[in-house]
Amino acid sequence: MNFVEHVAKERALAPAGVPVPRGILCKTPEAAAEAFEKLGPCMVKAQAPTGKRGKAGGIKPAFSAKEAHDLAAAILGMTIDGHLVGSVLLEERAGIAREFYAVVLNDAKSKSPLVLFSTEGGMDIEEAAATRPDALKHWSVDLAQGFGVAEARAMTEGLDLSGADDQIAQILAALYQISSALDAELIEINPLALLTDGRVVALDCKLTLDDSAAFRQGDLSAAAAPETMSVLEQDGYDSGLKFIQLDGNVGVLANGAGLTMTTMDVISHFGGRPANFLEIGGEAYTKSETALRLVLANPGVKSLVVNFCGAFARTDVMAEGVVAAWRKLKPSVPVFFSIHGTGEDDAVRIVREGLGIEPFDFMEDAVKAAVGAAQ
Amino acid sequence: MIIYRRHGRVLVQGITGKQGTFWTEKMISCGTQVVAGVNPKRAGQTHIGVPVYATAKEAMAETPFDIAVMFIPPSAARDAALDAIEAGAKTVVILTEHIPARDVMAIHHAARENSVQIIGPNTAGVVTPGEGFVGIMPGHNQNIFQPGTVGVISRSGSLGTLVCLNLTRAGIGQSAFLGIGGDPMIGTTTRDALIALDKDAGTDAVVLVGEIGGAMEEAAAEYAASMAKPVVSFIAGRASPPGKKMGHAGAIVLGDAGSYPSKRKALEAAGVIVADTPSEISDLLLQQIEARFPSADLANAEGWN
């Protein structure tokens, strides 16, 4: 789950002692004008969990209360990268001497936390890494050793930090503490600014928490930015199903992420277009009734492939759910089955007796039939 | 251990639960040597004929085991894995999905310190047809798994099952099925599994079933380039939209990284044949085997060389 900038600053950075500019969150243009009176010249920043705010015109400087008011009026209600902007953060402006970059993330390759720091902040980090590789330092954290000020100093050794070495080491150590304490998948400060008065402050913050750890993060997940989901996707999410709506016409109901993706691939291979991704594998395999309702509620669906290959998931349990749901919903679209794996004999019998449909022996044949029926 | 052998003694953590019971019975019926189980509340009892201990350490003291397999919910997975690692397990098979990443990193760290092989998390386990299986695969279903000489690697359990089923229907038996898991941080990578099958004397060819996301197929391709045994691959997710997690936490394409074209290009550059659909795998494999082992008896699944 992702967080907007002001939540990341307030709930993650500030409590850990990472300095942030003085700021006021505003939900109306009037509030923005009032905030200007307290802050003076400031930045008006759209609060949306995306890195495309600046390019979309969601971050602008204000030099008067009227300007703050008008900018807030223009930015509030914008949709940036699919996110509706419901608030703006007004932050005091300060003279910037240099911009750095810092991040702590979970690295799949080393299976450890990874700290990155670059003296080239303010731009895309991939771009910075490509143009100035010498400015970028890595530190793969040994979990037994941790990552404190000493490790941070060792990591940034050799870089010219304009005398801000101690402040930066403190901030890097604090970032690591935050990432452990909050189960952050990623916490990034870009830019981390050295001000003309010598202070180092986080001008922006991106925070992504590990969804799997939400159970132990108290009320923090309630402060997450809402996902951009369609009504059906939200419905699936609320039922504990991973449903992604696509623009095709062949509905997909399969178990397991790998088999579901493959079913979509085969639909596309035979010239069809998949209407959705919907996985009912793992613990969700008993939810085929809810799953079928979601797939059929997608208005584009002209035919349906049900592709089960049971390993953990029992195909008889899934087939029973589909047959029960089919009788209840009485859909008019044609459906094509392929069923194999755990419980397959019972599952084939349930479909045959319940719906009078004979499953295909190969998934490719079920898919071909469904693609043909959708045209 | 990455490839299961029957002399491998198995401990089942969470043996008394519904799934633990169901799959332990399947494993035993398939020939797997299940020697002990763990449930702190049922220590001292026997469950489906298997002695139950409070911890993996206590089990090790009385009934030594080599492999631990976990039927444990995400919030308790870290402690269970550390218990098995500290007890001296050689391999820990972690079936659990949605373990917090921080806990997964702690498990991998302890495994490195103690030289323990982790398989998973979020794996369906491993099958050696004719010997047994460890995990939640239909290893007991002879329509799907038959002994033979083709090794299969898969991140996904359901897709791996389909691929083995297709091989068996084409008369091609399997030396081993290695489910490695759908998580982004897994203990046994595609490359590790490929190396294990390359070194396995009972394996003549490999089917590598990958999916979009991460860079594991690219890393495996580097190794595949050095192999004499033929490798045929299928990569799931060609038709998936970018920027979305496709069910598996690891199956996400961000920019070029983890994309279908990147993986296919790397594999083909290494001489791996990439199938467009799962049912093409068997034919491509037979062509490869025929080309490299001209005297092979293709009707007989056993022994091409």
- prompt: What number, rounded to the nearest 500 deg cm²/dmol, is the helix-based mean residue ellipticity at 222 nm of the protein assembly as shown, given -39500 (n - 2.57) per DSSP H run of at least four residues and division by all its residues?
  reply: -10000 deg cm²/dmol
query: Hey, in the GNM for chain A with a 10 angstrom Cα cutoff, which one of A:353, A:67, A:185 fluctuates hardest?
result: A:353
message: Classify segment B:9-119 from the C-alpha gyration tensor, please: rounded if a/c falls under 1.5, else prolate or oblate depending on whether a/b exceeds b/c.
response: prolate
message: Once you order the gyration tensor axes a ≥ b ≥ c over the Cα atoms, which shape class does segment A:142-195 get: rounded for a/c under 1.5, otherwise prolate or oblate by comparing a/b with b/c?
response: oblate
message: Under a Cβ-only charge scheme (Lys and Arg +1, Asp and Glu -1), can you give me the dipole magnitude of segment A:22-92 about the Cα centre, in debye to the nearest 20?
response: 260 debye
message: What does the structure give for A:305-316 when I average, per residue, the other chain Cβ atoms found within 10 Å of the residue Cβ?
response: 6
- prompt: What does the highest-first list of A:83-91, A:159-167 look like by mean Cβ count within 10 Å?
  reply: A:83-91, A:159-167
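Can you give me the relative contact order of segment A:231-374 as a percent, contacts being Cα pairs under 8 Å and 6 or more apart? Could you put the intermediate results ahead of the total?
Working: 324 pairs, mean separation 35.6, N = 144.
Relative contact order here is 25 percent.
Can you list the GluC sites (Glu not before Pro) in segment A:119-160 that are in a DSSP coil and have 12 or fewer other beta carbons within 10 angstrom?
On the way: sites: A:120, A:126, A:127, A:151, A:157; in loops: A:120, A:157.
Those satisfying the criteria are A:157.
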query: Placing +1 at every Lys and Arg Cβ and -1 at every Asp and Glu Cβ, with all other atoms neutral, what dipole size does segment A:232-348 have around its Cα centre, in debye to the nearest 20?
result: 380 debye
task: Could you work out which residue, out of B:36, B:170, B:221, moves most in a Gaussian network model of chain B, that is, has the largest mean-square fluctuation with Cα springs under 10 Å?
output: B:170
- prompt: Looking at the square roots a ≥ b ≥ c of the eigenvalues of the Cα gyration tensor of segment A:44-116, which shape do they give, rounded for a/c under 1.5, prolate if a/b is larger than b/c, or oblate?
  reply: oblate
Protein heavy-atom accessible area occluded, B/A pair - total, 1.4 Å probe, Å²: 4100 Å²
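Among A:306-318, B:72-84, B:184-196, how do they line up by average Cβ neighbours within 10 Å per residue, starting with the highest? Each step should come with its number before you reach the end.
On the way: A:306-318: 27.7, B:72-84: 21.1, B:184-196: 23.7.
By packing density, highest mean first, the sequence is A:306-318, B:184-196, B:72-84.
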- request: Report the dimensions of the protein assembly as shown along its three principal axes from the alpha-carbon atoms, largest first, rounded to Å.
  value: 82, 61, 54
message: I'd like to know which of A:180, B:128, A:338 lies farthest towards the positive end of the charge dipole of the protein assembly as shown, counting +1 on Cβ of Lys and Arg and -1 on Cβ of Asp and Glu.
response: A:338
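Quick check on the protein assembly as shown: of the DSSP beta bridges with both residues there, what percent are antiparallel, nearest 5%?
Numbers: 57 of 109 bridges.
The antiparallel proportion sits near 50 percent.
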- prompt: Which of the lysines could be linked to residue A:38 by a straight reach, that is with a Cα gap under 24 Å, when you skip same-chain ones fewer than 8 residues away?
  reply: A:9, A:27, A:60, A:66
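Taking the mean number of other Cβ atoms within 10 Å as a proxy for protection, how do you rank B:124-132, A:194-202 from highest to lowest? Kindly include the intermediate steps, with their values, before the conclusion.
Details: B:124-132: 25.2, A:194-202: 16.9.
Highest to lowest by the protection proxy: B:124-132, A:194-202.
Ignore the peptide's own chain and count Cβ atoms of other chains within 10 Å of each Cβ in A:180-193; give me the average, rounded.
On the way: counts 2, 1, 1, 4, 2, 5, 0, 0, 0, 0, 0, 0, 0, 0.
Mean partner shielding for this stretch: 1.
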field: Charge dipole (debye, nearest 20) of segment B:85-242; +1 at Cβ of Lys and Arg, -1 at Cβ of Asp and Glu
entry: 240 debye
query: Under the definition of partner shielding as Cβ atoms of other protein chains within 10 Å of a residue Cβ, what is the mean value for peptide A:241-248?
result: 2
- request: Anything over 29 Å Cα to Cα? Flag those among A:242/A:330; A:328/B:245; A:302/B:244; A:242/B:57; A:368/B:229; A:52/B:265, in the order listed.
  value: A:328/B:245; A:242/B:57; A:368/B:229; A:52/B:265
message: Of A:164, B:146, A:192, which is farthest towards the positive pole of the protein assembly as shown's charge dipole, taken about the Cα centre with +1 and -1 on the beta-carbons of Lys, Arg and Asp, Glu respectively?
response: B:146
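If I compute solvent accessible area with a 1.4 Å probe over the protein chains, what percent of it on segment A:96-222 is carbon and sulfur?
Details: 2620 of 5340 Å².
C and S atoms contribute 49 percent here.
Once you have the Kirkwood Rh of chain A from its Cα pairs, apply Stokes-Einstein at 4 °C and 1.567 mPa s and quote D in µm²/s.
On the way: Rh = 23.8 Å.
Using the Kirkwood radius from Cα pairs, D works out to 55 µm²/s.
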statement: With the dipole of segment B:9-119 defined by +1 on each Lys or Arg Cβ and -1 on each Asp or Glu Cβ, the option from B:22, B:37, B:117 whose Cα lies farthest towards the positive pole is B:22
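The values are calculated or read from the model by the stated rules, or taken from the named source; none is laboratory data. Predicted, not measured: the structure shown is a model, and the values here were computed from it. Because the Cβ atoms are built from the backbone with ideal geometry, glycine has one as well, and the counts that use them run over all protein chains shown. The accessibility values were calculated without ligands, DNA or RNA, using every heavy atom of the protein model including side chains. Shrake-Rupley method; radii C 1.70, N 1.55, O 1.52, S 1.80 Å.
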